[in-house]
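Here is the structure we will look at.
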Amino acid sequence: MLFRDRADAGRQLLARLAAYRGRPDVLVLGLPRGGIPVAHEVASGLGAPLDVFLVRKLGVPGQEELAMGAIASGGVRVVNHDVVDALRIPPEALDRVAAEEGRELERRQAEYRGDRPEPDVRGRTVILVDDGLATGSSMRAAVAALRAMGPSRIVVAVPVAAATTCDDLRREVDEIACLATPEPFMAVGRFYDDFSQTTDAEVRALLAAGRVSASPPAAGPGGSHG
């Protein structure tokens, strides 16, 4: 095993991201659910705010692992025209899958974010964190959706990944930190001693803790938190 649990993985991953410590432009976004405990440790160690990035892959009907696009928080929709054109997927099929995934996105949005606004990523350095990459399809969807929102720099950070996935993704982002790329890879969970499912309640608690830890310090006597 490489990691005791996701928190341990996040603490180890932090060492690869030391250059971003204390920078005011950095925002850490975790992919739910398993990416949030990892992202929480990264954000805490960097002194950066933590938030959740909700993305739903739009899988090809009957071949759901193959992404024909993605939708994300903030109404972002990205279409992979190469896949859509090659498989001659009609617009109504794309719309139907997008509507289905949109309902799940809204459910998770309400579950994790409540009425809090989306983080503004424009011009910021965004570190996208998950607990590992196998095929990388969800992370690719997240990167494509995030790119459309105008950050200045996208960094993907994961504790463990398939080597080929890490190499492929490197061409799509500004920086990638894959802490370990063991061979043979098999599955993300094999490299954790405890890979139990992260619950919605744990996600909410870690996001709340991340907001508190990233709050500005008090402004001295008579001051208040910003």
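Test VAL26 against the stated conditions and say whether it is of a type outside the set (Gly, Ala, Ser) and at pLDDT 90 or above.
yes
Quick check: is even one residue across the range 215-224 surrounded by 13 or more Cβ atoms within 10 Å (Cβ to Cβ), modelled with pLDDT under 95 and among the aliphatic types (A, V, I, L, M)?
No: zero hits.
Do any helices (runs of 4 or more DSSP H) entirely within the range 81-177 hold 2 or more residues that are open to solvent by 20 Å² or more (accessible area, probe 1.4 Å) and of a type in the set (Asp, Glu), and if so, which?
It comes to 81-86, 91-112, 163-170.
The values are calculated or read from the model by the stated rules, or taken from the named source; none is laboratory data. Please read all numbers here as calculations on a predicted model, not as lab measurements. Glycine gets a Cβ as well: all are built from the backbone with ideal geometry, and neighbour counts include every protein chain shown. Calculation scope for accessible area: heavy atoms of the full protein, side chains included, ligands and nucleic acids excluded. Shrake-Rupley method; radii C 1.70, N 1.55, O 1.52, S 1.80 Å.
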